[in-house]
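Worksheet: the structure to be examined is printed underneath.
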Amino acid sequence: MSSRTPPHLATLIILTGSAVLTINMFVPSLPGMAVEFGVDYAEMSMVVGAYLLVTAIMQLVFGPISDVVGRRPVMLGGMAVFTIGSLICALTSDITLFWIGRMLQAASAVGVALSRAVLRDQYEPREIAQKMSTVSMVMALGPLLGPALGGFIDEWLGWRGNFAFYTLMGLAVLVLTWRDLGETSKTRGGSFADQFRAWPELFRSPRFWGYALCWSFSIATFHVFVSVAPLALSTAFGMTAGQLGICMGTMSVGFMLGSYISGQVAKRVDWPLTRLLIIGRLAAAIGIVVALVAYEIGLLSVPLLVASMVANGLGNGLTAPNAASGVMAVRPHLAGAASGLSSAMIQFAGALATFAVGLVLLPVIAMEVLLVGMLSVAVIGLLAALWLVRLEQERGIIRTDVPKAPQID
């Protein structure tokens, strides 16, 4: 296919899906990796937070760079770097080289960062929304299927098998990108500087901060879960890597259910975005509180923990689409900059949360660290939502000027 021919939607879905799998597919292997590298679990788990931090930075720069040099070369370069990083991780026995390889893997963020830009180059807004809904379904399925697949590969081939899988996946996606993803950007110019000039106006908006912080710390509960759950669940319940992978996907079930409910509510009732934000944050926090109380009185079981994580995922599913809509609605003429900034803030919040829990993580208190860490970031998200309600009530826009939640079918 010509280098100027637009890509098929399936190519963008695969690019996005590969980036999502890179976040958490290998996580069930973390306990075994810590043993092989001769480090404690807390140090090994910090690779999750560091990855999120590098991903946040890359999400900020990939879009503007692609506006200057084009989508195709940035996509190809990102996937090439990802493949090299994956190969380093699969082969090395040195923890420093592993960290270097893992940070190079963050280049896979190019798939998420530029898929929307590629669609924007080709389609009108209504068509973009329809196609992004398909891409978004993959992003929801990735956290559900990734840990289960990674746990199975670990039990079959060991932890290096996951990174061998990443290497082959990266190579395949690189070839697919070369053959199918033609250049879609028709203009070049100074948009890199234009995007950064939009930031001060967003930063001066309290409502942007309210929506973005609520969204970021909601998703941070997932990042804390991903980094701590392997140690907590293996210590408390003796789970294998395969069992860990299946259990860790349960939060995504709740997330998809919450997203579906949010879409149905948007169709049927004219609620402000903030109402579903509050309901979502309360559901998430209550789910974690139930698990924490049960653990402290010695009644926590695997089914109860799973139910609590589903409730947390449900709350996040109610929160995320409404927070995303609010972020874009604060300054409609800066929707692109708001999207990029809020996406980076989600990764920064996740990195901050995982680093924080990693500092105090020990096997004997792993479950407490997991639940208290998740509850802490969930409460921050709830406080942000309550602050946002007050802001919008003071401005008289709680009912009329805030768009309805997006429909997710």
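The values are calculated or read from the model by the stated rules, or taken from the named source; none is laboratory data. These numbers come from a predicted model, not from an experiment. Glycine gets a Cβ as well: all are built from the backbone with ideal geometry, and neighbour counts include every protein chain shown.
Summary of computed values
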| read-out | value |
| --- | --- |
| Filtered residue count, region 356-371, keeping only those that are among the aliphatic types (A, V, I, L, M), crowded, with 16+ Cβ neighbours inside 10 Å and part of a helix (DSSP H, G or I) | 7 |
| Residue within region 6-14 that is aliphatic (A, V, I, L, M), in contact (Cβ under 8 Å) with a residue 40 or more places away in the chain, within 18 Å of G242 (Cα to Cα) and out of contact with any Asp or Glu (no Cβ under 8 Å at 6 or more places or on another chain) present | no |
| Per-region count, region 216-231, residues at pLDDT 90 or above and out of contact with any Gly (no Cβ under 7 Å at 6 or more places or on another chain) | 3 |
| Residues satisfying the stated conditions in region 9-30, i.e. surrounded by fewer than 24 Cβ atoms within 10 Å (Cβ to Cβ) and more than 13 Å from the chain's Cα centre (by Cα) | L9, A10, T11, I13, I14 |
| Complete set of residues in region 38-49 that are buried (at least 17 other Cβ atoms within 10 Å of the Cβ), touching a residue at least 60 places away in the same chain (Cβ under 8 Å) and under 20 Å from A90 (Cα atoms) | Y41, S45, M46, V48, G49 |
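Let's see how each residue does on (1) in the same structural domain as V377 (by TED's automatic domain parsing); (2) under 22 Å from the mean Cα position of the chain (by Cα); (3) at pLDDT 80 or above:
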| site | (1), (2), (3) |
| --- | --- |
| C247 | yes, yes, yes |
| F255 | yes, yes, yes |
| A266 | yes, no, no |
| L276 | yes, yes, yes |
| V289 | yes, no, yes |
| E296 | yes, no, yes |
| L300 | yes, no, yes |
| P303 | yes, no, yes |
